[in-house]
Each structure stands twice: as C-alpha cells, then as structure tokens.
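Everything on this sheet refers to the single structure shown next.
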Amino acid sequence: MSEGVDTVGLDTPPRLAVDRLLDDRETRIIVCCGAGGVGKTTTAAALGVRAAARGRKAVVLTIDPARRLAQSMGIDSLDNTPRRVATAGGDGGELHAMMLDMKRTFDEIVEAHADAERARAILANPFYQSLSAGFAGTQEYMAMEKLGQLRARDDWDLIIVDTPPSRSALDFLDAPGRLGSFLDGKFIRVLMAPAKVGGRAGMKFLNVGMSMMTGTLSKLMGASLLKDVQTFVAAMDTMFGGFRTRADATFRLLQAPGTAFLVVAAPEPDALREAAYFVERLAAERMPLAGLVLNRVHGSGADQLSAERALAAAENLEEGGIVDQESGKAGLRDTAAEPPGADDDTTAVDRITAGLLRLHAERMQVIAREQRTRDRFTSLHPEVAVAEVAALPGDVHDLAGLRAIGERLAAGVPAGA
C-alpha cells in the first residue's frame, strides 16, 4: 500500500489520507489537475495553508486565480514572484503564493538564455510577442517551466501546482511536447535554412527553392508577418534545443517519486469522465497518482428519510392528511377537537412542512445521482484513493475558509456522511 492511502473495505475505494501525504517529507511536488471549474485552485490553496500549518515550507503556484482567493490569503494581488502569506504557517512552516504570468515567464527564459542584444531583439519582435502571449499550449508549457524554476531554487520543501484551466486536463501534459514539436518542426527548420546556408551555394538555394517557398508563405501569412517570423527564428535559433531539453527534464521531474498528482473533480459525469481519462494517462506515463479529490459532494444529516418517503409525506400533507407515525399510513385529522382558528395555523404549518419535505427529497435525489456517478468512476478505477469534500454554502473568501477546506480534505468524507 502506498503512502497517503487508508483502506476501508472491499466495496469502498481506499480513503486518501491527505495529512499523511502532506507530512511525508519525501513529497516535494503536488500537482492538482482536472477539468475546469472543479475547484483546483481552491484545493491547491487549501493544501498549501494546511501544509504550512503542519510545518512545511510550501509555495502554491496558481494559474489565474480569482482575486478573492488572493485576498483570502492576505495578499492584495498575486504575480510571477512568490509572496509570503504572513498569517499562514505553524511549527516552523511557511506559505508563499504566486500566480503564473505566462508572458513574463517566457521573457525570463529569453533573458536567461540569450545575450543582452539578442534578448532585446527577441522581446521586441512582433511574432514573439504574439507567441508568448497567446500561442496554443504556451500557458501550460510556461507552468511547467515555472515549476522547474521553483524546484531548482530549492527554497521550499513542497511545491503545490494548480494546473491551467484548459479545455482538457490532459493539455498540461501535452503542451510541452506540442510547443517543442513546433519549435523543432519542419516549418521552423525551413525558415532557419537561409541563415544556415552560406556562400554561393546558399544564394543558389535561396534563388531557386526559397523564392518559391517565401512567395507562397507571403501569400498565406503576409510579407510583414513572414519577415517577423524569420527574424524571430534567426534570433531564437540557439535557444530552440533548450526548450525541448527543459521540457523533457520537467517531464521526468513529474515522473519522479517525490511528485504526487491529485486529480480534482466534482461528482458530475463530465468532470469524472475527464478525471478517468487523466488517471489512465498518468498510469500510461508512469506518473505517481496520489488519489482523487471529489469536491462539492452533497450530504444529509437525515439520510434515513428517503426521497420517496419525503415526497409521499409532502403529498399527504398537501392533500389535507397526516402521516400516522406508528403505522406509516395516512389518516384524516379530527377537526372537531381543534380550537377556533387552529385550522388556518395548521394549514400554514403543513404547507411549510410539505415544502421542507420536498426540498429534502430533491437533496436526496442529488445525493443518489452523485453516488451513482461516483460508483461508475470507482468501478473503473477501484484502486484510486478518494477524499470527498462537502459542498459549501458559499465561496471561500478568507484563510479561515481555506483552513475549513483543508480540514474537510483531511477528513476525506462529506458532512452528514
């Protein structure tokens, strides 16, 4: 049995022991991944707060968090520099937080791996500015780059990564390969050819083959854009190999024993389907999965009363009957024994009670639907440890809220269960 897992029975998935995972000093990186809108950022922040309280020196790398989450950590704003969360920590623990700035991270790579003159030329190039700000997969690639930078600094003993809100959770693993393939691809190599071929042979090549190719590309891209791309490629030529090398190094870091992936999902079919794909992909890539965090799980403290019985009781009250508590059968009231005015009061109470019973029935139906969805995931992946987090009545807006989420993560079961 791996670290961070408790077994609970043959028919129940193993429980994810979050505190055990956070306390394990061999765990240096936790990656929170999953579909968009399932609470990855809040989960990552709550894990950071709890880890710091338990003595870890943690940094949370968030991807475009809501402003209220930055404020909940006592920081006016998050940027590309880790900032200390002053009120978090305990037993020697510290918490830092930062928000990935995709373009600034790309700029830092250029400044670190090119001489000053070449760096200025690259940073001023219009094609580079478009690539660094919005090329498909750039955000995911830069998240990997920033993770590598943080790990190399060794200032923290735990790095918690909130992966980007992509169309697919798999984009985080695919993006470095896509960007690397683009930078190493045939298109780039063709554009680099004029700079690599010199002398008369180069001029012949340019006059025959390149003139045809550039003419075609000029029509497709426009002469100005083509010139910007060629200038960018010439300036970046010596850096292309570095992108691939660093991407490969970070990918290996994600496969290392000190890394733990937490797949975050909501108890909804689409989110758990995405989670299942990710679990399978992590296994295929030999990446260490710690377990599944299931957010916004509904529970009830009165789950002995089924939806069917609650609806039946509501209908009975609305039709003017009552439920016989001893026999479970409906019977009519004895109105003769009631004082004057009691009928109106009783009708109002019955109406309110029926409404509450219907609300309870709806809640129980939601719980049953979530259970069926969860069971489908568990039947496919019975080995995956699960921590369930109860749905909250509102948004998390302060450190107390993040601590509450952390406590629910550690408990691993929803309220009322």
Checking His96 against (1) under 21 Å from Ala290 (Cα atoms); (2) more than 18 Å from the chain's Cα centre (by Cα); (3) open to solvent by 10 Å² or more (accessible area, probe 1.4 Å), the condition it does not meet: (1)
Looking at the range 78-95 only, could you name the residues that are in contact with a strand residue (DSSP E or B) (Cβ under 8 Å, 6 or more places away or on another chain) and over 16 Å from Leu22 (Cα atoms)? Leu78, Asp79, Asn80, Thr81, Pro82, Arg83, Arg84, Val85
Any idea how many residues of the range 1-47 are more than 17 Å from Ala97 (Cα to Cα), modelled with pLDDT under 95, among the β-branched types (Val, Ile, Thr) and surrounded by fewer than 24 Cβ atoms within 10 Å (Cβ to Cβ)? 4
From the set of residues in the range 351-401 that are of a type in the set (Val, Ile, Thr) and more than 28 Å from Leu47 (Cβ to Cβ), which is surrounded by the most Cβ atoms within 10 Å (Cβ to Cβ)? Thr353
Can you find a residue in the range 243-253 that is closer than 30 Å to Val386 by Cβ, out of contact with any Ser or Thr (no Cβ under 7 Å at 6 or more places or on another chain) and not polar (S, T, N, Q)? yes
What tally of residues in the range 80-93 results from selecting those that are modelled with pLDDT under 85 and open to solvent by less than 50 Å² (accessible area, probe 1.4 Å)? 3
Of the residues in the range 141-156, those that are closer than 14 Å to Val31 by Cα, of a type in the set (Lys, Arg) and surrounded by fewer than 21 Cβ atoms within 10 Å (Cβ to Cβ) number 1
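The values are calculated or read from the model by the stated rules, or taken from the named source; none is laboratory data. Everything quoted here is computed from the prediction, not taken from an experiment. For neighbour counting, all protein chains shown are included, and Cβ atoms are generated from backbone atoms with ideal geometry for every residue, glycine included. Only protein heavy atoms, including side chains, enter the accessible area calculation; ligands, DNA and RNA are left aside. Shrake-Rupley method; radii C 1.70, N 1.55, O 1.52, S 1.80 Å.
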